Amino acid sequence: MAAPKRFFVTEIAEEMTLSAEESRHAKTVLRLAEGDEVTLFDGSGKEYSAIVTKADKRGISVHVIGGSSSAREPKTHVFLLIGALKGDKTELVVQKATELGVGRIGVFSSRYCAAYMNENKLERLNRVAREAAKQCLRASVPPVEYFDTLEAALRAGAACGTKLFACEFLQTSEAGADTDGSVCAVVGSEGGFSEEEFALAKTLGYRGISLGRRILRAETAAIALLSVVMYKAGELA
Ligand code: SAM
């Protein structure tokens with residue numbers, strides 16, 4: 001029997017109606033009907049079983065029958081900081097980072113960054129995170145926020161116990177990807193980082209990590225670094 005379909009809701013109530021967007025998808029694509037069971041998640045890490053009580057043009061109404069914490073949420077909190085990328089590559093990174101279990105994503109502008117950010121793009125990135133969380137059966141959604149300078153982004157990650165700065169011009173890593181529970185992982189945009197930006201990161205407690213002798217695309221570097229961090233943290237077991 002297929003797992004109940006999952007829907008993102010902004011808040012949970014015993015009797016509630018799905019959003020217009022989710023209702024439209026539930027009715028037209030999934031053909032949900034009264035009596036069907038669904039799973040709701042509000043992005044907090046809990047998920048709720050519910051039964052469809054009405055499916056009409058006003059939307060899908062449900063009765064929530066119980067909630068539980070999701071077993072799929074990582075215990076390690078990972079905060080990814082990624083330079084704004086051109087085209088839809090930032091969306092790709094947000095999607096893969098969400099699947100890999102990050103808890104928070106920051107997109108920043110830096111000296112050699114050629115992409116720009118606006119409210120629409122940021123909302124689109126948060127929608128990509130919600131859809132990715134739904135697809136991989138997570139019950140929490142990493143918020144995606146924008147920092148207009150690298151320094152602001154680095155300071156946002158300062159509280160993380162392990163702070164890793166993926167530096168393309170580093171010969172050998174200054175740190176491993178071992179963690180004590182919270183990690184901030186920083187990856188540059190297509191243009192990479194300047195020596196001054198690396199020096200700034202070091203003054204803020206970040207340590208350089210090399211991802212090998214080859215120069216990886218930013219999206220490859222982000223996925224590779226997150227995979228190593230999550231594997232070392234036992235989150236890919
Ligand atoms: N513009 C840079 C150049 O030509 O040398 C390349 C930047 S690379 C496309 C984008 C980001 O991916 C880098 O800023 C870094 O964070 C990460 N990255 C790529 N290759 C890496 C490597 N071998 N070691 C560490 N980080 C790497």
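The values are calculated or read from the model by the stated rules, or taken from the named source; none is laboratory data. Since the model is a prediction, treat every value here as computed from it, not as a measurement. Reconstructed Cβ throughout: ideal geometry from the backbone, glycine too, with neighbour counts over all protein chains shown. The area values use the complete protein model at the heavy-atom level, side chains included, leaving out ligands, DNA and RNA. Shrake-Rupley method; radii C 1.70, N 1.55, O 1.52, S 1.80 Å.
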(request) Find, among the GluC sites (Glu not before Pro) in the range 26-59, those assigned to loop by DSSP (not H, G, I, E, B) with at most 15 other beta-carbon atoms within 10 angstrom. (result) Glu34
(request) Distance between Cα centroids, the range 5-81 to the range 156-202: provide it in whole Å. (result) 37 Å
(request) Compare Leu30, Leu204, Leu137 in a GNM of the chain, Cα atoms joined below 10 Å, and give the one with the largest fluctuation. (result) Leu30
(request) Compare the Cα positions of Ala3, Ser189, Val52 along the charge dipole of the chain (+1 at Cβ of Lys, Arg; -1 at Cβ of Asp, Glu; about the Cα centre) and return the one farthest towards the positive end. (result) Ala3
(request) Give me the angle, in degrees from 0 to 90, between the Cα long axis of helix 119-135 and the longest principal axis of the Cα atoms of the chain, rounded to the nearest 10. (result) 70 degrees
(request) Starting from the residue with the highest accessible area, list Val29, Val94 in decreasing order, probe 1.4 Å. (result) Val29, Val94
(message) Ignoring ligands, DNA and RNA, please state the percent of accessible area on the chain from carbon and sulfur, probe 1.4 Å.
(response) 50 percent
(message) Ordering Thr220, Thr90 by accessible area with a probe of 1.4 Å, largest first, what comes out?
(response) Thr220, Thr90
(request) Mind pulling the angle between the C-alpha long axis of helix 89-100 and the longest principal axis of the chain? Nearest 10 degrees, somewhere in 0 to 90. (result) 70 degrees
(message) Using a 4.7 Å cut-off between beta carbons, which cysteines in the chain end up with no partner cysteine at all?
(response) Cys113, Cys136, Cys167
(request) Count the lysine pairs in the chain whose Cα atoms sit under 16 Å apart, keeping only pairs 8 or more residues apart in sequence or on different chains. (result) 14
(message) In Å², and per residue, what accessible area does the range 77-232 have when probed at 1.4 Å with the other protein chains present?
(response) 44 Å²
(request) Return the Rg/Rh value of the chain, two decimal places, where both radii are evaluated on C-alpha atoms and Rh is the Kirkwood radius. (result) 1.04
(message) I need to check one value: relative contact order of the chain, counting alpha carbon pairs closer than 8 Å and at least 6 residues apart, in percent.
(response) 19 percent
(request) About the Cα centre of the chain, how large is the charge dipole given +1 on each Lys and Arg Cβ and -1 on each Asp and Glu Cβ? Please answer in debye to the nearest 20. (result) 440 debye
(request) About the Cα centre of the range 114-237, how large is the charge dipole given +1 on each Lys and Arg Cβ and -1 on each Asp and Glu Cβ? Please answer in debye to the nearest 20. (result) 420 debye
(request) For every helix of n ≥ 4 consecutive DSSP H residues, a contribution of -39,500 (n - 2.57) applies; sum these over the chain, divide by its total residues, and give [θ] at 222 nm rounded to the nearest 500 deg cm²/dmol. (result) -8500 deg cm²/dmol
(request) Sort Thr98, Thr203, Thr53 from largest to smallest accessible area, using a 1.4 Å probe on the heavy atoms of the protein chains. (result) Thr203, Thr53, Thr98
(request) For the chain, build the charge dipole from Cβ charges (+1 Lys, Arg; -1 Asp, Glu) around the Cα centre, then report which of Ala175, Val228, Pro142 sits farthest towards its positive end. (result) Val228
(message) Which order do the peptides 63-70, 138-145 come out in when sorted by mean C-beta neighbours inside 10 angstrom, highest first?
(response) 138-145, 63-70
(message) Using the Cα centre of the chain as origin and beta-carbon charges of +1 (Lys, Arg) and -1 (Asp, Glu), tell me which of Ile215, Ser110, Ala166 is placed farthest towards the positive end of the dipole.
(response) Ile215
(request) Just add up the charged neighbours of Asp36: K/R +1, D/E -1, any other residue whose Cβ is under 12 Å from the Cβ of Asp36. (result) +2
